[in-house]
Amino acid sequence: MDVQPESPQEQGPGGLDRRAELSEFLRTRRARLKPEDVGLPTFGRHRRVPGLRREELAQLAGVSVAYYTRLEQGNGRNVSAEVLDSIARALRLSSAEHQHLTHLAKPKQHRKKPAERAQQVRPALRHLLDSMTEVPAYVTGRRSDILAWNRMAAALFGDWGALPPQERNWARLVFLNPDYRELFVDWDQKAYDMVSYLRMDAGCHPDDPKLSALVGELSVKSEKFRLLWATHDVKEKTYGVKRMHHPLVGDLTLSFESFPLADGSEQFLVTYHAEPGTPSAEALRLLASWGADATRAGTGTARP
């Protein structure tokens, strides 16, 4: 069993360095584990590295130290799925982290294709959004781009239509628009989620120059983004609860659901709703009744 060096062609020109991504991801996952976490004895009080040593991780995964070391150095060309599964178990990776590791170590081979076309939302999906008159809903695509939304989403989050298309991006809004710090009560959690989603996207598409440019810009303009990006944490879009403070209706507690579309577009339909009979439900009803007035009074999305 051996790990062969990768060719330069496998490193995604214009995008992120996949070998560096694989190396840092494994290193940071190993660093968060302690010997006692995985049932290994601790010898001595002073350890040179945080977390597990490479030899300890290799022992848990059932591979040689040399093999694991080469993998952690980014040389994962011929690694088998079985070995990746063993390493994932040893590192106690979540399902999302396991997927991310597989994407980095065994990327899908794609034929050379023309430049990416603009992301499109199917007309039927736009009609569905418009029919959801009491539920804020929108569609996101690659790189957290906001592709389509209904009137209630505009009333809740602000007039995205007033923004240039390139600014309709959740990561940009969260990290570069101060109004979203006020909108999301748990802004730190929202920021963490956004970076974790982008990390998953980067694992699937490390050769995406637009994603690389977005990460570079946010790293320069936002120290918080730069620090979160360095953690290499990943997360899937699922469901949860968000607390918000809207300038018109005050505090809201809303549940959100993220539905991946089954058409291969890598788009998600995201909806927000309130528990019936709660003040949040009444607040959404008021936003719906105010219509365009609520949209104009929402967060200041006209300011990038």
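Couple of notes before you dig in:
- Among the residues of region 1-39, those that are modelled with pLDDT under 75, over 19 Å from the mean Cα position of the chain (by Cα) and over 12 Å from Asn75 (Cα atoms) comprise Met1, Gln9, Gly12, Pro13, Gly14.
- Applying the set (1) free of Cβ contacts under 8 Å to residues at least 40 places away in the same chain; (2) over 30 Å from Pro123 (Cα atoms); (3) crowded, with 18+ Cβ neighbours inside 10 Å; (4) hydrophobic (A, V, I, L, M, F, W, C) to Leu218 leaves exactly one unmet item: (1).
- Filter result for Ala96 (assigned to a helix (DSSP H, G or I), touching a Lys or Arg at 6+ places or on another chain (Cβ under 6 Å) and either touching a residue at least 40 places away in the same chain (Cβ under 8 Å) or exposed (fewer than 15 other Cβ atoms within 10 Å of the Cβ) (or both)): yes
- Count of residues meeting criterion [crowded, with 18+ Cβ neighbours inside 10 Å and out of contact with any Leu (no Cβ under 9 Å at 6 or more places or on another chain)] in region 236-256: 1
- Restricting attention to region 160-205 and to residues that are among the polar types (S, T, N, Q) and closer than 29 Å to Gln99 by Cβ, the residue that is surrounded by the fewest Cβ atoms within 10 Å (Cβ to Cβ) turns out to be Gln166.
- Here Phe225, Phe175 are screened, and the one residue that is closer than 30 Å to Trp290 by Cβ and either out of contact with any strand residue (DSSP E or B) (no Cβ under 8 Å at 6 or more places or on another chain) or in a helix (DSSP H, G or I) (or both) is Phe175.
- Scan of region 257-268 for residues that are in a strand (DSSP E or B), surrounded by 15 or more Cβ atoms within 10 Å (Cβ to Cβ) and not hydrophobic (A, V, I, L, M, F, W, C), ordered by number: Glu257, Ser258
- Ala90 modelled with pLDDT of 90 or more, in contact with a Lys or Arg (Cβ under 6 Å, 6 or more places away or on another chain) and crowded, with 17+ Cβ neighbours inside 10 Å: no
- Residue pairs whose Cβ atoms lie under 7 Å apart, separated by 6 or more positions or on different chains, with the first residue in region 44-73 and under 17 Å from Phe25 (Cβ atoms) and modelled with pLDDT of 90 or more and the second charged (D, E, K, R) and surrounded by fewer than 19 Cβ atoms within 10 Å (Cβ to Cβ), are Tyr68/Arg54; Thr69/Arg54; Glu72/Arg27; Glu72/Arg54.
- Residue in region 155-168 that is under 17 Å from the mean Cα position of the chain (by Cα), in the same structural domain as Lys242 (by TED's automatic domain parsing) and part of a strand (DSSP E or B) present: no
The values are calculated or read from the model by the stated rules, or taken from the named source; none is laboratory data. Because the structure is a prediction, the values reported are computed rather than measured. Don't worry about glycine lacking a Cβ; one is built from the backbone with ideal geometry, like all the others, and counts go over all protein chains shown.
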